[in-house]
Amino acid sequence: MKKYRGFSKMWFLVLLLVAFVAGCGGNGSGSSDSIAPTVNSTNPAKSATAVAVNSAIAAAFSEAMTPSTIGAVTFTLKQGTTAVAGSVTFTGVTAVFTPASNLAVSTEYTATITTGAKDLAGNALASDYVWKFTTGAVADTTAPTVTGTINANGATNVAINSKVGATFSEGMDPATITDVNFTLKKTASGAAVAGTVSYSGVNAVFIPASNLTTSTGYTVTVKGGASGAKDLAGNSLAADFVTSWTTGTSTDTTAPIVNGTTNVNGATNVAINSQIGATFGEGMDPLTITNVNFTLKNTASGAAVPGTVSYSGVNAVFTPASNLSTSTGYTATIKGGANGAKDLAGNALAADFVWSFTTAAAADTTPPTVTSTVPLDLATGVALNGTANSTFSEAIDPLTITTATFKLAGPGVTAVTGAVGYNALAKIATFTPAASLAASTTYTATITTGVKDLAGNALAANKVWSFTTAAAIVLGPAPVLLGSAGNYVILAETGVSTVPASAITGDVGLSPAATTYLTGFSLTMVGTTAAISPQVTGSLYAADMTAPTSTYLTTAITDMGTAYTDAAGRPTPDHLDLGVGEIGGQTLLPGLYKWTTGVTISSDVTLSGGPNDVWIFQIPGNLSISPAKNVFLSGGAKAKNIFWQVAGTVNIGTTAHFEGIILSQTSITLETGASMNGRALAQSAVILDTSTVTKPN
């Protein structure tokens, strides 16, 4: 790029813009921005201990700043009164102080950003921002990882106006998070998508220059290696992180919501040293989750509580600068509207989200614990495509749930590559392997003492448990992954109805339709998050029930659609148009079956295979089972490994019996006395008439 007296042309234009903005009335005469910027978050955090001696120091601001005001004069680091030599860089909204040499071990340092730091309108910090931290005894030589992405690998129906988000296991050097190291390409052609990259806290966002193409596969890559993305200690990602997904046909115009908070509205006895957490219904733009848009105030006086804000996954946390007052009311607000918190498609919260609570008389000093795990310790026969998760005794700081603190390892302590997520409302952390696990293999899951609750208390000891996977799948295609849709024996979008008395074993879910579309069940509400029925051994859930039910259902419906698309898209069938659509009287071995017509079962059919064998049936029309006819299993075959993908309607005749998981694009009907061992997952309605539905083992 051509230079102009030491400035690049780009920086020359930036400074012209800054001068123009300042000339428009930074003193309030015509300026629309007179709000002082703030330091939104820091790395290391305030009062952090065991900080790596080779780490750089980062501070993220609440808005873009004037680069010329962020330098060695306005961002300093001291050991006592002795200044630490170093250099300062500024990228996006993040300033980084890089010491000239390693810091001293086990030593307290003080970082300061002065009021000389100004935003693009010329507004200065209201006061110096000062925080302290203490180093440990060693350098950081651990490679960072990408712990999760907003669009999961293999996701479908991604909004064409969405930004692309990635969350790292630790703070990164923002100068290495660029559109060279964070790219988006069309999967088929490899054509690069033009866009820009922003970074804040532990979150990177790729912003396409224009809407993506409909119904198109895209591949996201975060570059690793020597020239790739690096953490604040200079460690690179060990390898490229790659994930792919497919767009839908429409834009996302739905306002995001706050699904829940760690302290419910009206809570009492909240620990005075607690952080304040909120969980959104979808991934948010981290640049809009700041201490300007997420605030805490004394309810009585209205006095603002100083603090920082962190964001990871779908969870935001406000960390007060010091302990709250005892026995005092506080009000938290997440700002909505045009200048408020926004999702990755640019949609803002429709209105401010406000909740209040009252503190206790003491701090929380009790370590969190892991109350349960899935799989259980020493479990056997675990699915090869499963996940590992743990439930905590209390809300956890989401920034401490990473691939560094939640690990899965195989024989010889071989680390399993995967992503880690945290559901703050359910207090569940989940490790999702990047690929299926090996068969007949023992794995060990570990949650380390790096996991902390919202008061900063760490696990007292590592939580370690082991499990063994099932034998290898012998015959048939790989199973269809149901995700959270597999939590329900019946899942529908428009309604679930029954003529009593049906007998359902397992949970029933309905979304986006409301509770009123669960008909014939004689429901009794259990609080505001679930219902029960004498016809259901389990619970019933609908979209209008309070959080976290609505969130879980939204995810389950998405997972159901993903599973349907997966099943429908499996290539190279073993059998094409078997029986010209009439399969009654046949014995079907494991494999992929495809028809160009509907399928009827007018006499009994048998599926014969082992307990790990898989069947997938691709049916572009309707599926109909005649009255009193049956689908039988033999040889140890299991209903959980049988997938019926049906584009049309499914009708199971009077007193007929069915085996397997139905993924229907329309409706599923079980006529009088019909039964099924499996799951009824419909993109419209499920209709029962004194029928029996049992979840598969």
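Considering only the range 602-642, give the strands (runs of 3 or more DSSP E) lying wholly within it that have at least 2 residues that are in contact with a strand residue (DSSP E or B) (Cβ under 7 Å, 6 or more places away or on another chain), at pLDDT below 95 and not acidic (Asp, Glu).
Working: elements: 605-608, 615-619, 623-625, 631-634.
It comes to 605-608, 631-634.
Looking at the range 578-601, which of its residues are touching a residue at least 60 places away in the same chain (Cβ under 8 Å) and assigned to a strand (DSSP E or B)?
Gly591, Leu592
Could you tell me whether Thr261 is under 21 Å from Gly201 (Cα atoms) and modelled with pLDDT under 95? Talk me through it step by step, then tell me what you get.
On the way: under 21 Å from Gly201 (Cα atoms): yes; modelled with pLDDT under 95: yes.
So Thr261 passes the test.
So, in the range 450-472, how many residues would count as being assigned to a strand (DSSP E or B), of a type outside the set (Lys, Arg) and either crowded, with 21+ Cβ neighbours inside 10 Å or touching a residue at least 40 places away in the same chain (Cβ under 8 Å) (or both)? So that I can check it myself, show each step before the final result.
First pass over the range 450-472, keeping only residues assigned to a strand (DSSP E or B): 452-453, 458, 463-469.
Restricting the remaining residues to those that are of a type outside the set (Lys, Arg) gives 453, 458, 464-469.
Still in the list and also either crowded, with 21+ Cβ neighbours inside 10 Å or touching a residue at least 40 places away in the same chain (Cβ under 8 Å) (or both): 453, 458, 465-469.
Count: 7.
Any residue that is part of a loop (DSSP other than H, G, I, E, B) and surrounded by fewer than 16 Cβ atoms within 10 Å (Cβ to Cβ) - is there at least one of those in the range 144-156? Full working, then the answer.
The initial filter retains those residues of the range 144-156 that are part of a loop (DSSP other than H, G, I, E, B), namely 144-145, 150-156.
Cutting the leftovers down to surrounded by fewer than 16 Cβ atoms within 10 Å (Cβ to Cβ) gives us 153-154.
Within the range 144-156, one or more residues are part of a loop (DSSP other than H, G, I, E, B) and surrounded by fewer than 16 Cβ atoms within 10 Å (Cβ to Cβ).
Given the criteria in contact with a Lys or Arg (Cβ under 8 Å, 6 or more places away or on another chain), at pLDDT 95 or above and among the polar types (S, T, N, Q), does Gln683 qualify?
On the way: in contact with a Lys or Arg (Cβ under 8 Å, 6 or more places away or on another chain): no; at pLDDT 95 or above: yes; among the polar types (S, T, N, Q): yes.
Answer is no for this residue.
Could you say whether any residue in the range 375-384 is closer than 15 Å to Asn462 by Cα, free of Cβ contacts under 8 Å to residues at least 24 places away in the same chain and either among the β-branched types (Val, Ile, Thr) or surrounded by fewer than 21 Cβ atoms within 10 Å (Cβ to Cβ) (or both)? Before the answer, list the steps.
Filtering the range 375-384 for residues closer than 15 Å to Asn462 by Cα gives 377.
Narrowing the set further to residues that are free of Cβ contacts under 8 Å to residues at least 24 places away in the same chain leaves none.
Among the residues of the range 375-384, not one is closer than 15 Å to Asn462 by Cα, free of Cβ contacts under 8 Å to residues at least 24 places away in the same chain and either among the β-branched types (Val, Ile, Thr) or surrounded by fewer than 21 Cβ atoms within 10 Å (Cβ to Cβ) (or both), which makes the answer no.
Quick check: is even one residue across the range 388-400 more than 30 Å from Gln275 (Cβ to Cβ), of a type in the set (Val, Ile, Thr) and not in a loop (DSSP other than H, G, I, E, B)? Give the steps one after another, and end with the answer.
The first filter runs over the range 388-400 and keeps only residues more than 30 Å from Gln275 (Cβ to Cβ), leaving none.
The answer is no, given that none of the residues of the range 388-400 is more than 30 Å from Gln275 (Cβ to Cβ), of a type in the set (Val, Ile, Thr) and not in a loop (DSSP other than H, G, I, E, B).
Pairs please, first residue from the range 189-207 and within 15 Å of Ser62 (Cα to Cα), second anywhere and among the acidic types (Asp, Glu) and part of a loop (DSSP other than H, G, I, E, B), Cβ atoms under 7 Å, 6+ apart in sequence or on different chains.
Partner pairs satisfying both residue conditions: Val202/Glu170.
Within the range 531-538, is even one residue on the phi < 0 side of the Ramachandran plot, surrounded by fewer than 16 Cβ atoms within 10 Å (Cβ to Cβ) and in contact with a strand residue (DSSP E or B) (Cβ under 8 Å, 6 or more places away or on another chain)?
Checked the range 531-538: at least one residue is on the phi < 0 side of the Ramachandran plot, surrounded by fewer than 16 Cβ atoms within 10 Å (Cβ to Cβ) and in contact with a strand residue (DSSP E or B) (Cβ under 8 Å, 6 or more places away or on another chain).
Out of the range 630-648, which residues are crowded, with 20+ Cβ neighbours inside 10 Å, among the polar types (S, T, N, Q) and more than 31 Å from the chain's Cα centre (by Cα)?
The answer is none; no residue qualifies.
Quick test of your reading of the structure: Ala300 fulfils all but one of (1) on the phi > 0 side of the Ramachandran plot; (2) loosely packed, with under 15 Cβ neighbours inside 10 Å; (3) in contact (Cβ under 8 Å) with a residue 24 or more places away in the chain. Name the failing condition by number.
Failing condition for Ala300: (1).
Please find, within the range 304-314, the residue that is surrounded by the fewest Cβ atoms within 10 Å (Cβ to Cβ) out of those that are under 19 Å from the mean Cα position of the chain (by Cα) and under 17 Å from Asn43 (Cβ atoms). Steps first, please.
Going residue by residue through the range 304-314, those that are under 19 Å from the mean Cα position of the chain (by Cα) are 309-314.
With the extra rule that they be under 17 Å from Asn43 (Cβ atoms), the set shrinks to 309-312.
Numbers: Val309: 28, Ser310: 28, Tyr311: 29, Ser312: 26.
For the range 304-314, the residue satisfying everything is Ser312.
Would you point out which residue out of Pro548, Pro590, Pro627 is surrounded by fewer than 17 Cβ atoms within 10 Å (Cβ to Cβ) and farther than 26 Å from Ser215 by Cα? Outline the logic, then answer.
Values: Pro548 fails: surrounded by fewer than 17 Cβ atoms within 10 Å (Cβ to Cβ); Pro590 fails: surrounded by fewer than 17 Cβ atoms within 10 Å (Cβ to Cβ).
So the residue among Pro548, Pro590, Pro627 that is surrounded by fewer than 17 Cβ atoms within 10 Å (Cβ to Cβ) and farther than 26 Å from Ser215 by Cα is Pro627.
Which count do you get for residues in the range 176-199 that are surrounded by 15 or more Cβ atoms within 10 Å (Cβ to Cβ) and of a type in the set (A, V, I, L, M, F, W, C)? First the steps, then the outcome.
Within the range 176-199, the subset surrounded by 15 or more Cβ atoms within 10 Å (Cβ to Cβ) is 176-179, 181-186, 193, 195, 197-199.
Checking the rest, the ones that are also of a type in the set (A, V, I, L, M, F, W, C) come to 177, 182, 184, 193, 197.
Going through the range 176-199 one residue at a time, the tally reaches 5.
The values are calculated or read from the model by the stated rules, or taken from the named source; none is laboratory data. Since this is a predicted model, take the numbers as computed values, not measurements. Using ideal geometry, Cβ is built from the backbone for each residue, glycine included, and neighbour counts are taken over all protein chains shown.
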